[in-house]
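Working notes for the structure below.
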Amino acid sequence: MSICPDTWIAKMAKEHRMIEPFVENQVRSIDGRPVISFGTSSFGYDIRVSNQFRIFTNVYGSVIDPKDFDPKGLIEVNGNICIIPPNSFALALSIEWFRIPENVMTICIGRSTYARCGIIVNVTPFEPGWEGRAVLEISNTTPLPAKVYAGEGLAQVLFFESDTPCKISYADRKGKYQNQNNITLPKA
């Protein structure tokens, strides 16, 4: 990048609709109430988590199999707070819709505010040409229940720009998670 990263993110968001809705500044409070920050940061973008969650459960004795995923192993939670049980795992959906240009690669990583509480967001790429809402994988590594707040920052997306577009984009490959707008379960 030849321009300041936060300026580059704003430019790309406006010109390519790369992030919608886009928040140009970092938001730390809403109506005087502190929130886990979201919006443009120095070298990335802090994304918000929606109020849609799926929590893993062993109530039905399901086995997790990425080639034959049984949705009975998940319970649906919709609300402003999601409590992830101790040593458990949840899926969540970003509020933001992403359109990754064919010359950009991103890495989505967890935020330190949550990490310092033992809540880890799985590192995942958003490939060139991918479009959709991000499904975020959240692990509670602690022996205690853990809260995740809908509408607030959960992860940070870091952007890497190339001088040339990729030869075959995620869209060209007809990637299996293209245009996801809900929590999409594993597909083989």
request  = Report yes if some residue within the range 93-100 is at pLDDT 95 or above, in a loop (DSSP other than H, G, I, E, B) and not aromatic (Phe, Trp, Tyr); otherwise report no.
outcome  = yes
note = Counted residues in the range 130-157 being closer than 15 Å to Pro101 by Cβ and either touching a Cys at 6+ places or on another chain (Cβ under 7 Å) or of a type in the set (A, V, I, L, M) (or both) come to 1
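Mind listing whichever residues of the range 166-188 are farther than 24 Å from Pro71 by Cβ, out of contact with any strand residue (DSSP E or B) (no Cβ under 9 Å at 6 or more places or on another chain) and either hydrophobic (A, V, I, L, M, F, W, C) or surrounded by 13 or more Cβ atoms within 10 Å (Cβ to Cβ) (or both)? Full working, then the answer.
Restricting attention to the range 166-188, the residues satisfying the condition of being farther than 24 Å from Pro71 by Cβ are 166-173.
Filter again for out of contact with any strand residue (DSSP E or B) (no Cβ under 9 Å at 6 or more places or on another chain), leaving 167-169, 172-173.
Hits for the range 166-188 are Ile168, Ser169.
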query = If we keep just the residues of the range 23-44 that are touching a helix residue (DSSP H, G or I) at 6+ places or on another chain (Cβ under 6 Å) and in contact (Cβ under 8 Å) with a residue 60 or more places away in the chain, which is surrounded by the fewest Cβ atoms within 10 Å (Cβ to Cβ)?
reply = Phe43
inquiry  = Suppose we filter the range 89-107 for residues that are out of contact with any Pro (no Cβ under 9 Å at 6 or more places or on another chain) and either of a type in the set (Phe, Trp, Tyr) or free of Cβ contacts under 8 Å to residues at least 24 places away in the same chain (or both); how many remain?
reply    = 2
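The values are calculated or read from the model by the stated rules, or taken from the named source; none is laboratory data. Every value quoted in this text rests on a predicted model; they were computed, and no experiment measured them. Methodologically, a virtual Cβ is constructed for each residue, glycine included, from the backbone with ideal geometry; neighbour enumeration extends over all protein chains shown.
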